[in-house]
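Colleague: Here it is, the structure, as structure tokens.
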Amino acid sequence: MNIHAPSDALRRRDEIVRIVSAKPVHSQDALLAVLRTRGFQVTQPTLSRDLREIGLVKTPTGYVAPAAVAIAPVTAFVPRQSRLERLNRLFRDSVLSADAAGNLVVIKTPVAAAQPLASALDSASLDDVLGTIGGDDTIFVALATPAAAHELARHIQQTAGISPSRRRTRA
């Protein structure tokens, strides 16, 4: 018998929705305990997957089902100047190097700093920035032209207080 049959997952997920609809549940541990008292053998990673699949939202009052949450259709307005100030602060705090390569700028950051910086670049809506791809410690910024890429790299270097990287040649 397959203990992970789809019907078991559906029953468990239905029960999770019933539990959080009936009373406040503030943590996965509490939800796990209630499920176990109701006869469900579930691990924490499976419960975490279930919560993600169901789309439960954690609020200050506990988990709630997606239908019970009023989601605003528009994000909060943040003035352009505030977005640019945040971006420049992240340039100063997070950038190790920034180099233009064609119409791309390759930005190196400490580990785990690339995603917040890529997000800030996207939200800043800079002219000629087409988009970003942020990894763990590297960001690729696509720009409309090579000239725009060189200008952005220069701006990042200047703001971060770093000098342009020197390409190493092999001997």
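Colleague: Of (i) 9, 36, 35, 17, 3; (ii) 9, 27, 17, 18, 18, 10, 1, 0; (iii) 10, 37, 31, 17, 5, 0, which one was derived for P(r) over Cα pairs in 10 Å bins from 0, in percent from the structure shown?
Modeller: (ii)
Colleague: Here's a follow-up. With runs of 4+ DSSP H residues as the only contributors, calculate the mean residue ellipticity of the chain at 222 nm using -39,500 (n - 2.57) per run, divided by the residue total and rounded to the nearest 500.
Modeller: Counting only the DSSP helices, I get -14500 deg cm²/dmol.
Colleague: With axes computed from alpha carbons, what is the tilt in degrees of helix 146-160 against the longest principal axis of the chain, rounded to the nearest 10 within 0 to 90?
Modeller: The angle comes out near 80 degrees.
Colleague: Among LEU56, GLN41, ILE139, whose Cα sits farthest toward the positive end of the charge dipole of the chain (+1 at Cβ of Lys/Arg, -1 at Cβ of Asp/Glu, about the Cα centre)?
Modeller: So the residue we want is GLN41.
Colleague: To continue, here is another question. Expressed as an acute angle from 0 to 90° and rounded to the nearest 10, what is the orientation of the C-alpha long axis of helix 6-22 relative to the principal long axis of the chain?
Modeller: Once rounded, one gets 90 degrees.
Colleague: Roughly how tilted is helix 114-124, in degrees to the nearest 10 and between 0 and 90, from the longest Cα axis of the chain?
Modeller: The helix 114-124 is inclined about 80 degrees to the chain.
Colleague: Another one. With 10 angstrom as the radius, rank THR138, THR61, THR132 by how many other C-beta atoms surround their C-beta, starting from the fewest.
Modeller: Exposure proxy ranking, most exposed first: THR61, THR138, THR132.
Colleague: Which distance in Å, rounded to a whole number, links the C-alpha centroids of region 12-68 and region 136-154?
Modeller: The two parts, judged by their Cα centres, are 43 Å apart.
Any read-out appearing in this document is the output of simple, stated calculations on the displayed coordinates, not a laboratory observation. These numbers come from a predicted model, not from an experiment. Positions of Cβ are backbone-derived with ideal geometry, glycine not excepted, and every protein chain shown enters the neighbour counts.
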